[in-house]
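Any read-out appearing in this document is the output of simple, stated calculations on the displayed coordinates, not a laboratory observation. Just so it is clear, the model here is predicted, and its values are computed rather than measured. Don't worry about glycine lacking a Cβ; one is built from the backbone with ideal geometry, like all the others, and counts go over all protein chains shown.
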Amino acid sequence: MSENPLDIFVEESQELLQEMEDILLELEEGGDAEVMNALFRTAHTIKGSSGIFGFTHVVGFTHVVENVLDRLRDGEIQISEDLVAALLASKDHIGALVDLAIREEELSEALSHQGDGILQRLTGFQSTEVEGASAQAGIPAVVGGKVERESGPCVMTDQWHISIRFSEDVYRLGLDPAPFLRYLEKLGEITDVTTVFDKLPSLESIDPESNYLGFEISLTSDASKTEIEGAFEFVREECTLYILPPQAKISEYADLIENLPEEAELLGVILNRCGALTDDELQIALHCQAQLREQAVPDEASRLGEVLVKQQTVHPEVVDVALEKQAKVRAQHNTAKSVRVDAARLDKLINLVGELVIAGAGNQIQARRIDDEALSETVSGMSHLVEEIRDHALQLRMVPIGESFNRFNRVVRDVSKDLGKAIKLEIYGADTELDKTVIEKIGDPLMHLVRNAMDHGLELPEQREALGKPTEGVVYLNAFHDSGGIVIEVADDGAGLDPEKLLARAREKGLVDANQELDTKEIYRLILEAGFSTAQEITDLSGRGVGMDVVRRNIEALSGTVDIDSELGEGTTVRIRLPLSLAIIDGFLVGVGESSYVIPLDMVQECIELSEADTQESHGEHYINLRGEVLPFLRLRDVLSHQASEHDREQIVVVQVGTQKAGLVVDRLFGELQTVIKPLGKLFRHLRAIRGSTILGTGEVAIILDVPTLIHRAVGERQTAVNRPVLQTVDNEQGARLH
Amino acid sequence: MIEVNKDGTRSCCQVHEKMTIYQAAAMRDELLNAYCDCAELEVDLSRVDEIDSAGLQLLLALKQTAIAQDKPVRFVNHSVHVVDIIHLFGIEQFFGDQILMPSEASTTH
């Protein structure tokens, strides 16, 4: 076992907690004995491993949870909505305790309050004999050896203190801090608010759509910590939040000062002014904070050793043996024969394969030049192998998308409760595989779409009943492979989009000219424009029109596209189309002027010659007649500012993305090749028609074209060129297709 | 979005109706133009009937920039919506004492 035991513990506990959440969410629909057993085992194992490391807080808390799960397994108590909710909260809390233990931090008052709250909720479900244990687990001062800071002096104030810093993106996600403060007013009396805006740039350099505000709030309230925290639930992921209870320890304020981004002195003044700390308390807190800072430089290498030495409970050998034993047990449980590999190593392998592909292409060119039959044969044999290695290496990075879909179970459950809507999440195609890096980046846009579907798409239960629909709304997540890419759909069976309303709204906003006609698809796409809100009324959750455009931009950054289908009264489907991998693609090499360009092969439909007659027929407009179809085209020479060349014949490469087609006019066609995408430097990032670069076998650099952008441009140019009678051309197009 | 009346080196500008995230980008440009184009600026907020954090943040940035460059910028005739959010964020002091608060008591904590 080369890995650090602590790392294994971290990974294992995360997996177990995830398993616990998954089971709990399933349990809401009922479960059998085996499931209950598995659930019990999750808590039991976490408790066991934590015990080995001497993480007493985790053990204490998990013990209570384990007890409840044991009774559940034995049928002494029945599953109920309350119980599931309490257990989900427990799961989150165990996660937080584990994090804390690993970071070797003390249990904060805030966290221990939270734990007490959850234990309270569990009280009704646990057997009497552990009541004592639970009480003990709730009082952190009793457990653990290091207590010197836990018994520190307390501050005088009897107010809650809330420190919140909203993320820069909070507006773009459709959230506004103000309503959260207003909500707090309902929980008690806000005795002081200080808006922290020291990060606010000058009017000249400010990004008006980024948030720079944070708040220090004093609140007099009888509400529990959970209730106060609940006020910020919707922005939980978009803010840094600290809540200190009345009479908190000074050391906690010291932690606060240390953890917040502002200068200690500035914060001190704010805390002092809003009455959270007296002058003396402030001095102590600042002193504590300075000490904290000195301590907070642990030597990474000696970390594990420190834990063990500090705990002084076990010898390292014992830890190894115990963990090894657990690993064996785990291996027996899920006989899934897998090996853990460091993601960085995998990336390195992929990079090397990329280099191999390039080198292979170089060999091929040389072999062709030498023109020796035996050499050609071996080279072609090798290039087959290289191709296979490439495919297998890429396969290694492929992960089923299901895992990232599953986390929406929890989101849907929580949000549906908040919104008072009954919502079910249905997942299809969870086995569909996608490059890991793409999966990581697709999470946020998906989250936004799912929230949007729940908030705006689905109607309230009463409305649904009136419409004769089942009261329970459904959000669908679906993934499948389609022509060299993957398609992810987020759909709902809600109200659907009303094209007329959208168009009216867009006109009102000046996004569309009053006499400009759009087809339904184009109208739907309007909701992806910046500054467009479809909701009749704006809710706190989303729908301020800053969001869908961010989704679109994120997807486009992954070389993907978004399109929308909707049926009024039936629902809406948002379809995301993504390339399978971002690293290596099959490309089609073309020449413009003296340079070489690569077009992703799966977007190429066909190549035709642009004849003299075609050019004349187009009368200087940018479209030709392709077997009765209107095909807009772009001259890459113009787009990429190349000098006109001597070539007498130009070629059109017909490319297609989704349902849109366009022609790209080039000077020469070279044929297919495997392409390793190298990202472009910062300097080129704003170039819109370019996706990356690659190195050819000859050592030459070729630019990889961003086809969706080019198609967009070709179609757009055609529409402006045709000057208004867009409707007419659309008719022609449709008419032509019928033939 | 804003209407500027120039009187020598002194400008008076009237902000119209909405100051929210939707207008933030355009509003910033117009405010910046008005600000750069004068030696003294008065911003009339009487017609603002909707303002959110993004809108208020712009006012803060304007005032802060003005203070840093020592250029007189005043906000006058705050509408109830503006007063409401200024009070909510507890930044009456930063904007100076020209705001007429609905009740004196609520400002003195």
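See the values below:
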{"quantity": "Inter-chain shielding of B:27-34 (mean C-beta neighbours from other protein chains, 10 Å cut-off)", "calculated": "2"}
{"quantity": "Neighbouring partner chain Cβ atoms per residue of A:191-202, average, 10 Å criterion", "calculated": "4"}
{"quantity": "Long-range amide H partners of A:L610 with built H, under 5 Å", "calculated": "A:E650, A:Q651, A:I652"}
{"quantity": "J(HN,Hα) series, the stretch A:244-257, from Karplus relation 6.51 cos²θ - 1.76 cosθ + 1.60, nearest Hz, glycine and proline x", "calculated": "10, x, x, 6, 5, 6, 4, 4, 5, 5, 4, 4, 4, 4"}
{"quantity": "For peptides A:703-711, A:235-243, sequence by mean Cβ density within 10 Å, most packed first", "calculated": "A:703-711, A:235-243"}
{"quantity": "Förster radius 25 Å - calculated FRET efficiency between A:A557 and A:Q395, Cβ distance, rounded to 0.05", "calculated": "0.55"}
{"quantity": "Extended-chain gain in nm, criterion 0.36 nm per residue less alpha-carbon gap, A:E403 and A:E81", "calculated": "113.5 nm"}
{"quantity": "Charge tally in the Cβ shell below 14 Å around B:A39, where Lys, Arg are +1 and Asp, Glu are -1, B:A39 excluded", "calculated": "-1"}
{"quantity": "For a label point 7 Å along the Cα-to-beta-carbon line of A:E204, residues of the stretch B:9-51 with backbone N under 11 Å", "calculated": "B:36"}
{"quantity": "For A:D255, A:D371, order by how many other beta-carbon atoms lie within 10 Å, fewest first", "calculated": "A:D371, A:D255"}
{"quantity": "Cβ-based net charge around A:I439, under 10 Å, with every Lys or Arg adding one and every Asp or Glu removing one", "calculated": "-1"}
{"quantity": "Linear extension gain, A:E606 paired with A:D372, 0.36 nm per residue minus alpha-carbon span", "calculated": "81.0 nm"}
{"quantity": "Residues A:L385 and B:N77, FRET efficiency given R0 of 60 Å [Cβ-Cβ distance, rounded to 0.05]", "calculated": "0.15"}
{"quantity": "In order through the stretch A:158-174: 3J(HN,Hα) via Karplus (6.51 cos²θ - 1.76 cosθ + 1.60), integer Hz, x for Gly, Pro", "calculated": "9, 10, 6, 10, 10, 10, 9, 10, 7, 6, 4, 8, 4, 5, 5, 8, x"}
{"quantity": "In nm, spacing of pseudo-spin labels at A:E594 and B:I67 (7 Å Cα→C-beta vector)", "calculated": "5.9 nm"}
{"quantity": "Additional length obtainable on full extension of the chain from A:E567 to A:R668, 0.36 nm per residue less Cα span", "calculated": "31.9 nm"}
{"quantity": "Shape call, the stretch A:160-295: gyration tensor on alpha carbons, a/c limit 1.5", "calculated": "oblate"}
{"quantity": "Overall form of the stretch A:399-579 per C-alpha gyration tensor (a/c, 1.5; a/b vs b/c)", "calculated": "oblate"}
{"quantity": "More than 19 angstrom apart: percent of Cα pairs within the stretch A:343-397", "calculated": "34 percent"}
{"quantity": "Least to most buried among A:F670, A:F9 (fewest other Cβ within 10 Å first)", "calculated": "A:F670, A:F9"}
{"quantity": "Burial ordering of A:M447, A:M382, B:M27, fewest other beta-carbon atoms within 10 Å first", "calculated": "A:M382, A:M447, B:M27"}
{"quantity": "Averaged over A:178-186, number of beta-carbon atoms from partner chains that fall within 10 Å", "calculated": "3"}
{"quantity": "Interchain or long-range residues, amide H under 5 Å from A:L175's placed H", "calculated": "none"}
{"quantity": "Amide hydrogen neighbours beyond the local backbone of B:V43, cut-off 5 Å, H modeled", "calculated": "B:C13, B:R74, B:F75, B:V76"}
